[in-house]
Every structure is written in C-alpha cells, then in structure tokens.
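Could you have a look at this structure, given as structure tokens, before my questions?
The values are calculated or read from the model by the stated rules, or taken from the named source; none is laboratory data. Here the structure is a predicted model, which means the values were calculated and not measured. Every residue, glycine as well, gets a Cβ built from its backbone with ideal geometry; the counts of neighbours run over all protein chains shown.
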Amino acid sequence: MYRNLDEVFQLAKTKGRKRIAIAAAHDAETIKAAIMGYDEQLFTPILIGEKERIETIIQGLDRNISEFEIIDSQNNNESAQTAVSLVKAKKADLLMKGHLETAEMIRAVVKKETGVAIKETISHINLMEIEKYDKLVIMTDVAISINPTLEQKKDILENAVSVFHALGYEKPKVAAVCAIEKINPKMPETVEAKELKYLNETGIIKNCIVEGPISFDIAMDKGRATRKHFEGKIQGDADILLMPNLLAGNLLSKGISIFGEAKAVGFVMGAEVPIVLTSRGALAKAKYQSMLACLAIV
C-alpha cells in the first residue's frame, strides 16, 4: 500500500530511462519538466511542436538544443498525431500532452486507424494524497467522460484498477460513489453502482472489490460508516472513488485539492501507454510529477 506520492516517485526512479513523446511541446513549463526528467536520466524527451519556439525556450534555459530531439509541427492536431504515431511504431514509451487542448490530444489517441486506444473508453486518473487519509486514492473520471454510461463506467473502473495492479495491489477497493447508499430509480447513478457491484460479484469485473451505491463520507471515513451502520465491503478504506459523472468528480477533486491540502497527479489510462495529462497552466513541477507517476506504472 502506498501512503504518499513520494513513494510512487521513488518507484519510478527504479524503472530506467523511457522515451516520452510530447505533443505541442512549445511551452516553457512543459520543456522545464522534460529537462528535469532528462537530467535525472529517467526520460528521453521527444519534443514535437513549433521548432523555433522550442529552440528559443531551450536556449533561454541555458541548454543546448542538440541535447534534445525536436520534431517540427506547426499545428496542434498534427503534433498530437505525430506523438501518437511514435508510440504506435514503438519509438516512444509514453505520451505527454503539452500546450494543447485535452480534446485535441484525445482525438489523436482514439482515432480508429492510427490511434493507440486499447479500450472503448479512455479515462483520466487523479491520483491523490490527502492529508487526513492514510493512503493514496484514485478519483476518476474528473476530466474526460462527461456522463459515462454503465459500460463506460466499467471501462473507467478497470482503467483505475489497472493502475493499482501496476503498483502491486492485489484487490483494490472501488467505491461507486453516489449521494446515498440505497437504490433510487430517480437517481440512475445508484442503479448503475449496484449493477457494477453485481458485475464484480459475478466475476465480470475482476481482481478488485466493488461497493455501491456508497456515499463519499462512508467510502473515506470509517467512523461515519460505523455511525451510519453501513455493512458493505468498504468502510472508510476505499482505494478508488468511481465518480458518477465529470461534474461531481471535477468539483470534488478541486475542492479537496484546495481545502483539503491534497496533492495530486493526473494522467490518462486506456491506451497502449499511460498519457501524461495536466492542465496547460500547470507548473513544471506538477507536470514532472505526473511524468513520474506514469513511469511508475509502465
């Protein structure tokens, strides 16, 4: 069990150097993160984007442009497609979103003939270290799937489970989070949560423990589970919080990050390789930490 992100970052540093294809790399914070990984001998960055801007940024950081492979691309869609093609050709081990919209990156990943998606649904992983929680927790999906169907939730769940399997967990606990713990036909997410639990109990969803519907407080706080007399398989010890929709996940993750003194790294699963995906406004340190998280699970 991993209690904090630093433990994951230390695992990453045992993995050896990996090639990372960075789409729309013409951004100072993205290049700073790439240089951090290069200097630590963990990553060989392939910088794809507007070549002149990339070279200017590198030189402005007092580095030699000859240290890095740069592929010129004058628009973001082409840049994303080039990065994906490198992974498909086994010329890169990881993907990273630089200064482009998430939708532009995802389109290239899921494109039928040239993409690298291995599931019908790719999903965002928010791996969080929360001060008052004694272990890491994944919240998903908070960035890609707006109103996932039952089948999409199954994929999102399995994508998250695969992260913890890569980190050595045998059966991570998945809480299908809802506002209440009972089935209410007027709240379809409760019906879907119950169905996901059934799929787990019947062996369709494997190698994890699914509980739902379950409220956030019961999933994360044993005392509240006890006081509410909840008798499910998760009582304040969830590893994965499967959110009912993007709105709930996005609001909750941002609220915890701001007011709960949480640290988080973000990336995408469901493709041939993990995809580093952070906000375009993220600083180099946050981008680098997400790179490390992806490295830890390959």
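Does any residue in the stretch 121-138 that is under 16 Å from Ser290 (Cα atoms) come within less than 6 Å, Cβ to Cβ, of a residue that is at pLDDT 95 or above and charged (D, E, K, R) six or more places away or on a different chain, and which pairs are these?
Partner pairs satisfying both residue conditions: Ser123/Asp141; His124/Asp141; Leu136/Glu129.
Go through (1) buried (at least 16 other Cβ atoms within 10 Å of the Cβ); (2) not assigned by TED's automatic domain parsing to the domain that holds Ile144 for Asn200 and report which single condition fails.
(2)
Output the qualifying pairs, or none if there are none: Cβ atoms under 6 angstrom, residues six or more apart or on different chains, first residue in the stretch 277-298 and under 20 Å from Ala108 (Cα atoms), second residue part of a helix (DSSP H, G or I).
Taking only residues 6 or more apart or on different chains, the pairs are Thr278/Ala286; Thr278/Lys287; Thr278/Ser290; Met291/Gly37.
Please go through the stretch 215-235 and give me each residue that is β-branched (Val, Ile, Thr) and touching a helix residue (DSSP H, G or I) at 6+ places or on another chain (Cβ under 7 Å), ordered by number. Write out each step before concluding.
Restricting attention to the stretch 215-235, the residues satisfying the condition of being β-branched (Val, Ile, Thr) are 218, 226, 234.
Matches in the stretch 215-235: Ile218, Ile234.
Output yes when any residue across the stretch 250-261 is crowded, with 22+ Cβ neighbours inside 10 Å, touching a strand residue (DSSP E or B) at 6+ places or on another chain (Cβ under 8 Å), at pLDDT 95 or above and within 25 Å of Ala33 (Cβ to Cβ), and no when none is.
Scanning the stretch 250-261 turns up no residue that is crowded, with 22+ Cβ neighbours inside 10 Å, touching a strand residue (DSSP E or B) at 6+ places or on another chain (Cβ under 8 Å), at pLDDT 95 or above and within 25 Å of Ala33 (Cβ to Cβ).
From the set of residues in the stretch 218-230 that are over 23 Å from the mean Cα position of the chain (by Cα) and part of a helix (DSSP H, G or I), which is nearest to Glu189 (Cα to Cα)? Spell out how you get there, then give the answer.
Looking only at the stretch 218-230, we keep the residues that are over 23 Å from the mean Cα position of the chain (by Cα), and these are 218, 221-230.
Among the residues that remain, those that are also part of a helix (DSSP H, G or I) are: 218, 222-227.
On the way: Ile218: 17, Lys222: 23, Gly223: 25, Arg224: 22, Ala225: 20, Thr226: 24, Arg227: 24 Å.
Out of the qualifying residues, it is Ile218.
What do you reckon, is Ile65 at pLDDT 95 or above, in contact with a helix residue (DSSP H, G or I) (Cβ under 9 Å, 6 or more places away or on another chain) and buried (at least 17 other Cβ atoms within 10 Å of the Cβ)? Break it down stepwise before answering.
Numbers: at pLDDT 95 or above: yes; in contact with a helix residue (DSSP H, G or I) (Cβ under 9 Å, 6 or more places away or on another chain): yes; buried (at least 17 other Cβ atoms within 10 Å of the Cβ): no.
Criteria not met by Ile65.
Moving on to the next point. Of all residues in the stretch 276-298 being of a type in the set (Val, Ile, Thr) and closer than 18 Å to Met36 by Cα, which is modelled with the lowest pLDDT? Can you show your working first?
Let us first name the residues in the stretch 276-298 that are of a type in the set (Val, Ile, Thr), namely 276, 278, 297-298.
Now narrow it down to the ones that are closer than 18 Å to Met36 by Cα: 276, 278.
Working: Val276: 97, Thr278: 89.
Checked the stretch 276-298; the qualifying residue modelled with the lowest pLDDT is Thr278.
Could I ask something else about it? Among the candidates Glu195, Glu261, which residue alone is charged (D, E, K, R) and closer than 23 Å to Lys119 by Cβ? Quick ask: steps written out before the conclusion?
On the way: Glu261 fails: closer than 23 Å to Lys119 by Cβ.
None of the other options fit; the residue is Glu195.
If you don't mind, another one. Among the residues of the stretch 252-292, write down those that are among the hydrophobic types (A, V, I, L, M, F, W, C), assigned to a helix (DSSP H, G or I) and not assigned by TED's automatic domain parsing to the domain that holds Asp155. Can you show your working first?
Applying the first criterion (among the hydrophobic types (A, V, I, L, M, F, W, C)) to the stretch 252-292 yields 252, 256, 258-259, 262, 264-265, 267-269, 271, 273, 275-277, 282-284, 286, 291-292.
Retained after the next criterion (residues that are assigned to a helix (DSSP H, G or I)): 252, 256, 258-259, 284, 286, 291-292.
Residues satisfying the conditions are Ala284, Ala286, Met291, Leu292.
Given the conditions (1) under 17 Å from the mean Cα position of the chain (by Cα); (2) farther than 20 Å from Met1 by Cβ; (3) of a type in the set (Gly, Ala, Ser), report the number of the one that Ser162 does not fulfil.
(2)
Looking only at the stretch 231-249, which residues are small (Gly, Ala, Ser) and either part of a loop (DSSP other than H, G, I, E, B) or surrounded by fewer than 20 Cβ atoms within 10 Å (Cβ to Cβ) (or both)? Reasoning before the result, please.
Taking the stretch 231-249 as the starting set, the residues that turn out to be small (Gly, Ala, Ser) are 232, 236, 238, 248-249.
Selection gives Gly232, Gly236, Ala238, Ala248.
In the stretch 14-70, how many are of a type in the set (Lys, Arg) and either part of a helix (DSSP H, G or I) or in contact with a Pro (Cβ under 7 Å, 6 or more places away or on another chain) (or both)? Full working, then the answer.
If we filter the stretch 14-70 for residues that are of a type in the set (Lys, Arg), which is where we start, we get 15, 17-19, 32, 51, 53, 63.
Still in the list and also either part of a helix (DSSP H, G or I) or in contact with a Pro (Cβ under 7 Å, 6 or more places away or on another chain) (or both): 32, 51, 53.
Matching residues across the stretch 14-70 total 3.
Okay, moving on. Return yes when Ile240 is touching a strand residue (DSSP E or B) at 6+ places or on another chain (Cβ under 9 Å), at pLDDT 95 or above and of a type outside the set (S, T, N, Q) and no when it is not.
Yes; evaluated as a whole, the condition is true for this residue.
With (1) crowded, with 23+ Cβ neighbours inside 10 Å; (2) in contact with a His (Cβ under 8 Å, 6 or more places away or on another chain) as the list, and Arg280 as the residue in question, which single condition is left unmet?
With respect to (1) crowded, with 23+ Cβ neighbours inside 10 Å; (2) in contact with a His (Cβ under 8 Å, 6 or more places away or on another chain), Arg280 is out only on (1).
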